[in-house]
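No value in this document is a laboratory result; all are computed from the given coordinates. This is a predicted model, so every value here is computed, not measured. For neighbour counting, all protein chains shown are included, and Cβ atoms are generated from backbone atoms with ideal geometry for every residue, glycine included.
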Amino acid sequence: MSQTARTLNQQQLKSLCGVVAHTSEGLTKSELTTLLGQCGMCAVDDGSFRNQFGYTTGLSKRDWLYNCLVAEISKSKSFSRVFSFLQAALNPASYTSVDSRQKYRYLLEETNKILLFAGLSIDQSGRLVAVSQAETLTEIDQRVNHLKKALYDRAIHSEVQKCYIKDYLRADYYDAMFEAAKGSAECVRQISGLTTDGGTLFQTALSKNDPYIFFNAMKTDSERSEFTGLKELLESIFHLVQNHVAHTPKINWKTAETKALDILTLILFAHKCLDKCHRIPGK
């Protein structure tokens with residue numbers, strides 16, 4: 001994207017600073033100072049001083065960051081380094097730990113809500129890209145929040161989120177379905193110790209006579225039926241999604257959001273069942 005082709009107005013810039021420098025969810029002043037330096041920008045004086053009562057006063061972190069960015073824009077007559085700063089702040093490599101993922105999701109989503117009004121967006125790789133400009137808050141909600149809300153309303157399993165949420169939120173249902181189905185198979189492999197895939201994996205792992213995994217005693221008809229049902233559910237997911245997607249060119253594979261949610265809900269239920277499974281001793 002040609003960064004010189006896009007600009008931010010005063011309100012957009014202030015709002016971005018409010019997100020990136022948010023008191024609890026944003027970056028610390030030390031982190032912001034480091035990023036400014038990495039992007040060739042100076043950290044301006046925040047006017048802080050210690051008053052007679054022992055309290056340190058001065059600009060808020062948000063206002064200080066805003067002044068830093070405005071100073072750079074005034075000096076260079078360009079938004080280039082400001083955009084570089086935003087990309088550096090949202091570099092996913094800085095949020096690889098489990099504890100930092102929530103902060104990353106907050107920063108990415110809230111930053112993109114503002115950037116969409118300027119026809120910009122930070123993608124999953126941390127790159128600033130040009131997109132169609134949003135005009136209303138309703139449009140912003142539809143593009144940033146709607147799909148995410150739809151997933152969480154169905155209490156998506158953490159393993160399912162890990163496999164496909166990034167694809168689903170960008171409406172790439174093809175990859176979302178494929179990754180979710182693969183995730184189910186990988187979960188069975190981890191529990192059973194088997195290395196096969198697809199129908200062979202599920203039939204072996206949940207064999208009626210010589211299973212590798214279990215989640216009930218299989219003593220009653222009801223328990224045996226439930227066990228068989230899990231095997232058949234996993235096989236159905238494989239045939240419905242993974243096998244079909246693997247043999248269909250992406251350009252020819254079409255599905256609606258409602259169908260995607262239905263399929264993902266099946267995979268969610270399968271994962272919840274697999275949470276109760278354990279490997280048969282000695283297998």
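Values for this structure:
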read-out: Rounded to the nearest 20 debye, dipole of segment 3-135 from Cβ charges on Lys, Arg, Asp, Glu; value: 160
read-out: Tensor-based shape of segment 73-120 (alpha-carbon gyration tensor, a/c under 1.5 rounded, otherwise prolate or oblate); value: oblate
read-out: Centre separation in Å (Cα based) which lies between segment 192-211 and segment 79-118; value: 42
read-out: Loop-located trypsin sites (Lys or Arg not before Pro) in segment 71-125, at most 10 other Cβ atoms within 10 Å (DSSP); value: Lys77
read-out: Relative contact order %, segment 3-135, counting alpha carbon pairs below 8 Å whose residues are six or more apart; value: 26
read-out: Ser60/Asp99 FRET efficiency (R0 25 Å; Cβ-Cβ; nearest 0.05); value: 0.50
read-out: Contour excess over end-to-end distance, with Cα ends at Glu232 and Glu25 and 0.36 nm allotted per residue; value: 70.2 nm
read-out: Simple label model, 7 Å out from Cα along Cβ direction - Gln203 to Cys273, nm; value: 1.8
read-out: Projected label distance in nm at Thr195 and Asn9, using a 7 Å step from Cα toward the beta-carbon; value: 6.1
read-out: Asp45 paired with Asn216, simple spin-label distance in nm, labels 7 Å along Cα-to-beta-carbon; value: 7.4
read-out: Restraint check, Lys182/Lys283; Lys208/Lys259; Lys103/Lys231; Lys219/Lys259, Cα-Cα greater than 29 Å; value: Lys208/Lys259; Lys103/Lys231; Lys219/Lys259
read-out: Per residue convex hull volume, Cα atoms of segment 3-135, in Å³; value: 115
